[in-house]
Amino acid sequence: YLALKRAGVPAELHIYATATHDFGVRASDHPYSTWTESCARWLRHQGFLKPPARP
């Protein structure tokens, strides 16, 4: 992460203090439970995914 930032590469780092090995896979009220949606938003923002279809 630091090497990317020093090189001027846009990067984000999210650390979840209480996450277990299978975090985010099952329903939970923990802050890390939304990591999959956060990842999808980032991928769309970077142009790797198309925006979701509108109904």
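Only the coordinates and a few stated rules stand behind these numbers; no lab work does. Just so we're clear, the structure is a prediction, and the values are computed from it rather than from any experiment. As a convention, Cβ positions derive from the backbone with ideal geometry for all residues, glycine included, and neighbour counts pool all protein chains shown.
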*Added length on full extension, which subtracts the Cα-Cα distance from 0.36 nm per residue, His30 to Ala17*: 3.6 nm
_Could you tell me which residue out of Gln46, Ala27, Tyr16 lies farthest along the dipole of the chain toward its positive end? Charges go on the beta carbon: Lys and Arg +1, Asp and Glu -1, centred on the Cα centre._
Gln46
*Segment Arg54-Arg6, length gained on full extension (0.36 nm per residue, minus Cα span)*: 13.5 nm
*When a/c is below 1.5 the answer is rounded, else prolate if a/b is larger than b/c, else oblate, so apply that to the chain with a ≥ b ≥ c taken from the square roots of the Cα gyration tensor eigenvalues.*
oblate
*Could you work out the helix-only [θ] at 222 nm for the chain, with each DSSP H run of four or more residues adding -39,500 (n - 2.57) and the total divided by the number of residues, to the nearest 500 deg cm²/dmol?*
-8000 deg cm²/dmol
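Let's see if you can work this out: charge +1 on each Lys and Arg Cβ, -1 on each Asp and Glu Cβ, no other charges. What is the dipole magnitude of the chain about its Cα centre, in debye to the nearest 20?
320 debye
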*For a quick protection proxy, order the peptides 31-44, 3-16 by their average other-Cβ count within 10 Å, most packed first.*
31-44, 3-16
